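Worksheet: the structure to be examined is printed underneath.
Rule-based calculations on the coordinates, nothing more; no lab input. Computed from a predicted model, the values in this text were never measured in an experiment. Counting neighbours? That spans all protein chains shown, and the Cβs are built from the backbone with ideal geometry, glycine included.
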Amino acid sequence: MEKQSAPHTAPGPAFYRLRVGDLIVTAISDGYIKGGEAVLRNIDADLAAAALRRSHRYPAIVEVNAFVVETATHRLLIDTGSGRSMGRNAGALSSNLAAAGIAADDIDTVFLTHIHPDHVGGLTANGQARFPNAELAFSAAEFDYWMGAGPIAIADSQRALFVDLPREQIAPYRDRLRPLDRGEIVPGVTMIAAPGHTPGHTMCLVSSGNDSLLIWGDIVHVPDVQIAHPEAGVVFDVDAAAAAETRRRVFDMAVADDLAVMGMHTGFPARLKLTRDKSGCSSTALPWYQTG
C-alpha cells in the first residue's frame with residue numbers, strides 16, 4: 001500500500017534576510033490580526049472592500065512584522081511585535097527570531113517606532129526583559145505622550161491595552177532608556193519623524209553605501225486600501241488628519257527617492273516599491289533574493 005503523506009497544517013518559521021549595502025536586514029513575522037477592514041476610517045466601506053477584493057485580500061488581515069538590522073558593531077531590533085496582547089494568530093516574534101538564528105541576548109538595541117501594543121508587546125516574558133542586554137530607544141515625544149498625561153482621552157475600555165500594557169512592558173527597561181529627538185539610532189539607521197498615527201510615530205531609514213531601505217512603521221495598516229487612498233486612516237490614529245498628511249508626504253518621498261520600503265503591516269516579507277501616476281499611488285511587491 002502506498003504510504004500517505006501526513007497533512008502539513010502548521011506554518012514554518014517566517015523570516016527573510018536581505019542586504020542593504022554592508023548591512024543585513026532580517027524581516028521577522030509576528031503573525032497577523034484578523035479584521036483588517038474593520039479598523040479603517042475616513043473611506044467608504046464599499047470602496048475599501050472593492051479594493052481588497054481586487055487584490056484578493058478580502059476579508060483583510062493586518063500582518064505584524066518586526067525587523068533586525070545587523071551592522072559591524074550593533075544588532076538592532078525595530079519593534080517587538082504583539083506578545084500575548086493581540087490574539088492567538090500573533091506573538092510569533094520570539095520563535096521566529098530563534099529560527100532565524102538571532103538570540104535575544106545578542107540584541108543590543110531595541111527601537112520602538114511607536115508605543116502601541118502590537119509594537120511593544122514582545123518586550124517582556126513573564127515580567128522580565130526579553131532582551132536583557134538591550135537599551136530601549138524611542139522618540140522622546142512618543143514616550144512623553146504615552147507615559148505622561150497624553151492618553152487621558154483614551155476610552156476606559158482601551159486603557160488596559162493601550163496604556164497599561166505598554167507601561168508594563170517598558171518597566172523592566174527603566175534603567176536603560178534612550179529617548180531621541182532626531183538622528184542615528186545606530187550607525188546606518190536614522191530615525192525620521194512621521195507623526196499622526198501617534199504623536200511621536202517614527203520611521204527608520206537604513207542606509208549603507210548607495211543602498212537604502214525605508215522601514216516606515218505604521219504609515220499603513222491595510223496597504224491594499226491606504227496606498228491607493230491615503231486619506232483612509234485607522235481607528236487607532238491619534239490625529240487622523242496629521243496621519244493622512246504624513247502618509248502622502250512619505251509616499252511622495254518613497255517615489256521621488258526610488259526607495260524600497262518595508263512596514264510593520266505590509267504583507268510579509270513586506271518589501272515594496274511605490275509608483276505614482278495620474279490616478280494616484282500603487283505598490284509592487286519586490287522579489288525575494290539571496291543576501292549574497
**Message:** Over all directions, how big on average is the projection of the convex hull of the alpha-carbon atoms in region 164-220, in square nanometres?
**Reply:** 5.1 nm²
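Over all directions, the average projected area of the alpha-carbon convex hull for region 15-285 comes to how many nm²? Present the calculation step by step, with values, prior to reporting the outcome.
Numbers: hull surface 53.7 nm².
Orientation-averaged projected area of the Cα hull: 13.4 nm².
Arrange Tyr173, Tyr32 by Cβ neighbour counts within 10 Å, fewest through most, would you? Could you put the intermediate results ahead of the total?
On the way: Tyr173 18, Tyr32 21.
Lowest to highest Cβ neighbour count: Tyr173, Tyr32.
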**Message:** Given axes a ≥ b ≥ c from the Cα gyration tensor, I'd like to know whether region 85-178 is rounded (a/c under 1.5), prolate (a/b larger than b/c) or oblate.
**Reply:** oblate
**Prompt:** How large is the helix-only mean residue ellipticity at 222 nm for the chain, computed as the sum of -39500 (n - 2.57) over DSSP H runs with n ≥ 4, divided by its residue count, in deg cm²/dmol to the nearest 500?
**Reply:** -5500 deg cm²/dmol
**Request:** For region 104-135 and region 170-244, write down the distance between their C-alpha centroids in whole Å.
**Result:** 17 Å
**Asked** How large is ³J(HN,Hα) for each residue in region 24-38, as worked out from phi by the Karplus curve 6.51 cos²θ - 1.76 cosθ + 1.60 (θ = phi - 60°), to whole Hz, x for Gly and Pro?
**Response** 10, 10, 10, 7, 10, 7, 9, x, 8, 10, 6, x, x, 5, 5
**Message:** Quick check: residue separation of Asp144 and Leu177 times 0.36 nm, minus the Cα distance between them. What number comes out in nm?
**Reply:** 10.6 nm
**Prompt:** Fewest first, what order do Asp22, Asp118 take by the number of other Cβ atoms within 10 Å?
**Reply:** Asp22, Asp118
**Message:** What are the membrane-span-like helices in the chain by this rule: whole DSSP H runs, Cα extent along the axis at least 18 Å, mean Kyte-Doolittle hydropathy at least 0.0?
**Reply:** 240-256
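Sorted by packing (mean other beta-carbon atoms within 10 Å per residue), highest first, where do 178-188, 149-159 land? Can you show the working numbers first?
Values: 178-188: 15.1, 149-159: 11.0.
Ranking the peptides 178-188, 149-159 by packing returns 178-188, 149-159.
How would Val220, Val39, Val20 line up from fewest to most surrounding beta-carbon atoms within 10 angstrom?
Val39, Val20, Val220
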**Request:** Subtract the Cα-Cα distance of His56 and Asn89 from 0.36 nm times their separation in residues, and report this length gain in nm to one decimal.
**Result:** 9.9 nm
